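The values are calculated or read from the model by the stated rules, or taken from the named source; none is laboratory data. Just so we're clear, the structure is a prediction, and the values are computed from it rather than from any experiment. Backbone-built Cβ (ideal geometry, glycine too); neighbour counts: all protein chains shown. When the accessible area is computed, the model is the full protein with side chains, heavy atoms only, and any ligands, DNA or RNA have been set aside. Shrake-Rupley method; radii C 1.70, N 1.55, O 1.52, S 1.80 Å.
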Amino acid sequence: MDATHAHDHGHDHHPSGLMRWIKTTNHKDIGTLYLWFALIMFFVAGSMAMMIRAELFEPGMQFMHPEFFNQLTTMHGLIMIFGVIMPAFTGFANWQVPLMIGAPDMAFPRMNNWSFWLLPVAAIFLIGEFFLPGGAVAGGWTMYPPLFIQGGMSYDLNIFAVHIMGASSIMGSINIITTILNMRAPGMTMMKMPMFVWTWLITAYLLIATMPVLAGAVTMLLTDRHFGTHFFNAAGGGDPVMFQHIFWFFGHPEVYILILPAFGIISQIIPTFARKPLFGYASMVYATGSIAILSFIVWGHHMFTVGMPAAGQLFFMYSTMLIAVPTGVKVFNWVATMWKGSMTFETPMLFAVAFVCLFTMGGFSGLVLAITPVDIQLQDTYYVVAHFHYVLVSGALFSIFAGAYYWLPKWTGHMYDEKLGKLHFWLSVISMNILFFPMHFLGLAGMPRRIPDYALQFTQFNQIASIGGFIFGASQLIFLIVVLKAVRGGAKATDKVWEGAEGLEWTLPSPAPYHTFETAPMVK
Amino acid sequence: METHQDRYYLAPPSHWPIVGSIALMLLAFGFVMDLNGMGNGKLVMLAGAGVLLFMLFGWFGTVIRESEAGKYNDQVDLSFRWSMSWFIFSEVMFFAAFFGALFYTRTISVPGLGSGETMLQLWPHYTATWPTAGPGLASKFTPMEAWGIPAINTLLLLTSGLTVTWAHWGLKKNNRTQLVLGLILTVALGMCFLGLQAYEYHEAYTKLGLTLGAGVYGATFFMLTGFHGFHVTVGTIMLIVILFRSMAGHFKPSHHFAFEAVSWYWHFVDVVWLLLFVVVYWL
Ligand code: HEM
Ligand SMILES: [Cu+2]
C-alpha cells in the first residue's frame with residue numbers, strides 16, 4: 001500500500017518502510033498499528049488458552065506443572081484485556097473517530113504515536129516474564145496480595161507493564177476526548193455524533209478516572225514488596241482486602257471500558273443492515289452515560305465472599321442490578337431497530353446479531369451473580385468464567401470482528417471474502433457456545449476456576465468445552481486469512497460499501513486517502 | 001484555499017515518541033533489575049533517565065519552537081486546554097487511590113483489627129488508635145506534628161499560589177518585570193517548600209522513628225507526602241522552564257498557554273497539599 005496523498009504537502013516528508021510506522025503521526029497509520037498489535041496479541045493469548053484447554057481435557061496433570069498452568073491463566077487474562085480488546089478498540093477509535101466527525105486527524109498526533117508505541121514495551125515485559133527465573137506472574141489477572149507480594153522478579157516487571165499500559169491508555173483517552181470535543185466539523189453537534197463516537201467519549205472518561213487508580217494500587221504492591229510498607233499486611237494495620245476494594249474500583253469500570261465501544265460498533269452496524277435509523281438514539285446516549293456512572297458504585301459485587309456487612313452486600317447487589325436497566329434499554333433499542341427493517345445478513349451483521357443474543361445471555365448470568373446469596377455459592381467457579389466469556393468473547397470480541405468486517409473495505413479499498421467471513425462467523429459462534437456453555441453447568445456443580453485439576457465427575461463437560469475451544473481457536477486463523485486477503489487485493493469496494501450505510505466516512509473514497517477532511521465538511 | 005494559520009496544525013512524523021518508549025523501557029527494566037539484586041540495574045536506570053531527559057528536551061523543545069513560530073491557532077490552543085484539564089483530573093484520581101487507602105485504614109482496617117474476634121484471636125493487647133504502626137510490628141514512632149514545619153509549608157505553598165497569579169497579571173498587562181519577578185518568587189517558594197520537606201523527612205527517619213516501614217501510618221504518610229513532593233518538584237521544574245522562557249521574551253498577553261498550564265498544575269499541587277495537611281498531619 002503506498003501512502004497516497006489526497007492533497008500534496010510539499011513540506012511533509014513521510015519516511016517509508018519501517019520508519020514510516022515508527023515515526024508516523026497519521027491517525028490511520030496508528031489505527032492500523034493498534035489493530036495489528038491487537039491481532040498478534042490475540043494469537044499469543046489465544047495459544048495460552050489452547051494450552052489451558054488441553055490441560056483441562058482430562059482430570060489429573062497431563063502436560064504441565066500446576067504453577068505453569070496458573071501462569072497461563074494469569075497471562076491469558078492480562079493480555080486478552082490489556083493487549084487485545086483495549087488496543088483493538090483504540091485502533092477503531094483512531095481510524096474511525098476523525099472520519100466520523102469530519103476531523104483532519106487526532107488532536108495530538110505525536111502523543112497518539114506514543115500511546116501506541118508504549119504498548120510493545122508492555123508486551124515485551126508481559127511475555128518476557130515467562131523467561132525470567134520463577135516464570136510469569138501466577139496469581140490471576142487481578143493481582144491480589146498476599147500472593148502477589150510473595151512472587152519473584154516477574155511480579156515487578158508486571159507492575160511496570162501495568163504502569164506503562166496505564167500511561168498509554170490515559171494519553172490515548174485524553175487524545176480521544178480532545179478530538180471529539182474540539183475537532184468536530186461545523187454542524188456536527190454532539191447529538192448528531194455517531195453512536196460509536198459517543199461510546200468512545202464516555203469510555204475515555206472511564207479510562208481517565210480509573211487507570212490512575214490502578215496505577216496507585218500496583219504502586220502500593222510495589223512498595224509492599226520492596227520498600228517495607230504495610231498497605232496490605234494486617235500486622236502493620238493494613239488489609240489485603242483493601243487491595244480488592246481499590247482494584248475493583250478500577251476493575252468494574254474496566255469491564256465497561258471493554259464493552260461500551262462494542263455497544264458503539266454494534267449501534268453503527270445494525271442500522272446499516274436493517275436499513276433503518278438507530279431506534280432511540282438519545283436514549284442510547286443517556287443509557288451509555290448512566291451505565292458509566294453506575295459502574296463506579298458496583299465494585300463490591302466482586303467481593304461478596306471476602307466478608308462485608310449486610311448493608312454493603314445489599315447496596316452492591318441492588319446497584320449492580322440497576323445497571324441491567326440501561327443495558328436493557330440498549331438491547332431493546334437494537335431489537336427495535338431490526339424490527340420490520342429490510343435486513344440482509346452480511347458477515348458484520350451476522351456478528352452483530354450474534355452479539356445482541358449472546359451478550360444478553362452474558363448479562364443475564366451477570367444478574368444471577370449479582371444476587372449475593374447466589375454469588376456466595378458461585379464465586380470463583382466456572383459459572384463466573386462462563387459469564388465473563390459470554391460478555392467478552394461473544395460481546396467485546398464479536399463486536400471487534402463485526403467492526404473489522406464492516407470497515408475493512410473502507411480501510412483497504414477491497415471487499416473481504418464474504419464466503420470465508422461467513423465460515424468464520426458460523427464456526428466461531430457455534431464453537432464459542434460449545435466452549436463456554438458447559439461452563440455454566442460446571443460452575444453450578446462447583447468446579448473452581450484457576451485450578452489445573454478437577455474431580456472426575458466434571459470430565460465430560462470439560463471435554464466438550466475443550467473440543468469447542470480447539471475449534472474456536474482454529475477458526476480464528478480464517479479471520480487472519482480474510483484480513484490478509486483483503487489487504488492484498490479483492491473486489492474493489494465502492495465509496496459507500498454498504499447500501500444502507502450512513503455517515504461521513506462513507507462519503508470518502510475507498511480506501512480512505514492518507515489525509516482526509518483537511519477542509520472540514522459541512523454537516524447538515 | 002485557506003491560509004496556513006487557519007488550519008489545525010498537524011505534527012509531521014516524529015521520532016520523539018519511540019525515544020520516550022525506549023527510555024521508559026530502560027528505566028523500568030533497570031529498576032526491576034536493581035530491586036532484584038542484579039548488578040547493573042542502576043546503570044540501566046541511569047541510561048533510561050538520560051534517554052528520557054533527551055526526549056523531554058527534544059519533544060518540548062519542538063513544541064516550544066512550533067508555538068513561537070505561530071503554528072498553533074486558537075483551535076489548537078483549545079485542544080491544549082482540554083488536554084491539560086483532563087490530565088490534571090487523572091492526577092486527581094491517582095492521589096484519590098492513596099487518600100482512599102488512608103481513609104480505609106483509618107476507618108475500617110485499623111478499627112477492625114482492634115475489635116471483636118480479630119483482636120481476641122490475633123492481637124488481644126492491641127488498642128486501635130490513630131496513629132498506629134499496626135498490631136504486629138515492634139516499631140515505635142512519634143507522628144509528625146502538624147503545627148511546625150507542615151504549617152509553615154502550607155503558608156509557603158499558599159503564598160506561591162498568589163505569586164504565580166501575580167506573575168500572570170503581569171503577563172496579561174505585558175509588564176514583563178512583574179512576570180519574571182513573580183515567577184522567581186514562586187520558584188523560590190517552591191524550593192523552600194522542598195527544602196523544608198527534605199528536612200522533615202530527615203527528622204522523621206533519624207529522630208522520630210517514622211519510616212516507610214512504620215505500619216500503615218508510615219506507609220500512607222510517606223506515600224501521600226512523597227508523591228506530593230514529587231509533584232512539587234515537577235511543578236518547580238516546569239516553573240523554571242517558563243521563567244527562562246519569559247526571560248527569553250516568550251509568551252504574549254493574548255497567547256501563553258504554557259504559562260497557564262503550569263499555573264493550573266501549581267494550583268492543583270497546592271490544593272492537594274491543603275487536603276494532605278488536614279487529613280495527614282492535622283486530624
Ligand atoms: C448486566 C451486566 C453485568 C452484571 C450484572 C455483572 C455482574 C457480575 C458479577 C456479580 C461478577 C462477580 C462474580 C464473582 O466473581 O463471583 C462479575 C464478574 C465479571 N464480569 Fe460481569 N456483569 C455484567 C456485565 C459484564 C460485562 C459487560 C463485562 C465485560 C465486558 C463483564 C466482565 C466480567 C468479568 C471479567 C468478571 C470476572 C472478574 C474476575 O473475577 O476475574 N461483566 N460480573
Ligand atoms: Cu463487575
Task: Accessible area of the protein assembly as shown belonging to carbon and sulfur atoms, whole % at 1.4 Å probe - done: 72
- [ ] Determine how large the accessible area of residue A:156 is when every protein chain is in place; take a 1.4 Å probe and give Å² rounded to the nearest 10.
- [x] 0
Task: Order by protection proxy (mean Cβ within 10 Å, highest first), peptides A:61-69, A:319-327, A:20-28 - done: A:20-28, A:319-327, A:61-69
Task: Hydrodynamic radius by Kirkwood, which averages 1/r over all alpha carbon pairs of segment A:136-282, in angstrom - done: 17.5
Task: Simple Cβ-charge dipole of segment A:411-524, Lys/Arg +1 and Asp/Glu -1, about Cα centre, in debye nearest 20 - done: 220
Task: 10 Å Cβ neighbours from other chains, averaged over peptide A:246-252 - done: 2
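Determine the per residue accessible area of the protein assembly as shown with all protein chains present and a 1.4 angstrom probe, expressed in square angstrom.
On a per-residue basis, 38 Å².
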Task: Over chain B: helical MRE at 222 nm, DSSP H runs n ≥ 4 each giving -39500 (n - 2.57), nearest 500 - done: -24000 deg cm²/dmol
Open item on the list: I need to check one value: relative contact order of segment B:13-60, counting alpha carbon pairs closer than 8 Å and at least 6 residues apart, in percent.
Closed with: 43
- [ ] Only Cα pairs under 8 Å and at least 6 apart count here; give the relative contact order of chain A as a rounded whole percent.
- [x] 19
Open item on the list: As a test of the definition: with a 1.4 Å probe, what buried accessible area, both sides summed, do you compute for A against B, in Å² to the nearest 100?
Closed with: 5400
Task: Rough spin-label spacing in nm, given labels placed 7 Å along Cα→Cβ, for residue A:43 and residue B:264 - done: 4.3
Open item on the list: Can you tell me what percent of all Cα-Cα pairs in segment A:312-411 are more than 23 Å apart?
Closed with: 37
TODO: Determine one quarter of the surface area of the Cα convex hull of segment A:30-507, which equals its mean projected area, and express it in nm² to one decimal.
DONE: 21.7
Open item on the list: Given an 8 Å cut-off on Cα distances and at least 6 residues of separation, report the relative contact order of chain B as a percent.
Closed with: 17
Task: Between segment A:75-107 and segment B:31-94, the Cα center-to-center distance that results, in Å - done: 22
Task: Separation of alpha-carbon centers, segment A:273-351 and segment A:148-191, rounded to whole Å - done: 23
Open item on the list: So if I place +1 on the C-beta of Lys and Arg and -1 on the C-beta of Asp and Glu, and nothing else carries charge, what would the dipole magnitude of segment B:74-282 be about its Cα centre? I want it in debye, nearest 20.
Closed with: 440
Open item on the list: Given axes a ≥ b ≥ c from the Cα gyration tensor, I'd like to know whether segment B:82-158 is rounded (a/c under 1.5), prolate (a/b larger than b/c) or oblate.
Closed with: oblate
TODO: Whole Å is fine, so just give me how far the alpha carbon centre of segment B:225-283 lies from that of segment B:110-140.
DONE: 40
Open item on the list: At 222 nm, what value in deg cm²/dmol follows for chain A if DSSP H runs of at least 4 each add -39500 (n - 2.57) and the sum is divided by all its residues, to the nearest 500?
Closed with: -22000 deg cm²/dmol
- [ ] Please work out the FRET efficiency for the pair residue B:165 and residue B:138, using the Cβ-Cβ distance as r and a Förster radius of 41 Å; give the result to the nearest 0.05.
- [x] 0.25
Open item on the list: For a quick check of understanding: with a 1.4 angstrom probe and all protein chains in place, what accessible area in square angstrom does residue A:105 have, to the nearest ten?
Closed with: 10
TODO: Take a quick pass over segment A:30-507 and tell me how many lysine pairs come in under 14 angstrom between Cα atoms, counting only ones 8 or more apart or on separate chains.
DONE: 4
- [ ] Using only the Cα atoms of the protein assembly as shown, build the gyration tensor, take square roots of its eigenvalues as a ≥ b ≥ c, and label the shape rounded, prolate or oblate: rounded if a/c is under 1.5, else prolate if a/b is larger than b/c, else oblate.
- [x] oblate
- [ ] Select from A:303, A:515, A:456 the residue farthest towards the positive end of the dipole of chain A; place +1 on Cβ of Lys and Arg, -1 on Cβ of Asp and Glu, and compute about the Cα centre.
- [x] A:515
Open item on the list: With a 1.4 Å probe and all protein chains kept in place, how much accessible area does residue A:371 have, in Å² rounded to the nearest 10?
Closed with: 60
- [ ] For segment B:74-282, compute Rh as the Kirkwood radius over C-alpha pairs and then the Stokes-Einstein diffusion coefficient at 20 °C and 1.002 mPa s; write the answer in µm²/s, rounded to an integer.
- [x] 113
- [ ] May I ask you to rank B:159, A:223 by accessible area, largest first, using a 1.4 Å probe over the protein chains only?
- [x] B:159, A:223
Task: Efficiency of FRET from Cβ geometry, residue B:43 and residue B:177, R₀ 51 Å, rounded to 0.05 - done: 0.65
Task: Overall Cα dimensions of segment B:13-60 - principal axes, largest extent first, Å - done: 39, 14, 10
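Under the rule a/c < 1.5 gives rounded, and otherwise a/b versus b/c splits prolate from oblate, where does segment A:47-146 land using the Cα gyration tensor?
Verdict is prolate for segment A:47-146.
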Task: Label point distance in nm, residue A:190-residue B:125, each placed 7 Å from Cα along Cα→Cβ - done: 6.1
Open item on the list: List the residues of segment B:119-138 for which accessible area in the full set of protein chains is at least 20 Å² lower than for the chain on its own; 1.4 Å probe, protein heavy atoms only.
Closed with: B:123, B:137
TODO: Take the Cα atoms of segment A:168-242, build their convex hull, and give its volume per residue in Å³.
DONE: 103
TODO: Would you calculate the separation in nanometres between label points at residue A:524 and residue A:419, each defined as 7 Å from the Cα along the Cα-to-beta-carbon direction?
DONE: 4.3
- [ ] With a 1.4 Å probe and all protein chains in place, put A:254, A:346, B:91 in order of accessible area, largest first.
- [x] A:346, B:91, A:254
Open item on the list: Rounded to the nearest 20 debye, what is the charge dipole size of chain A about its Cα centre when +1 sits on each Lys and Arg Cβ and -1 on each Asp and Glu Cβ?
Closed with: 1020
- [ ] Could you point to the residue in B:41, B:187, A:315 farthest towards the positive end of the protein assembly as shown's charge dipole, with +1 and -1 charges on the Cβ of Lys/Arg and Asp/Glu respectively?
- [x] B:187
TODO: Apply the Karplus parameterisation 6.51 cos²θ - 1.76 cosθ + 1.60, with θ equal to phi minus 60°, to every residue of segment A:169-180 and state each ³J(HN,Hα) to the nearest whole Hz, in sequence, with x for glycine and proline.
DONE: 5, 5, 5, x, 5, 4, 4, 5, 4, 4, 4, 5
TODO: Return the long-range amide H neighbours of residue A:414 (sequence gap of 5 or more, or a different chain), with a cut-off of under 5 Å between placed amide H atoms.
DONE: A:493
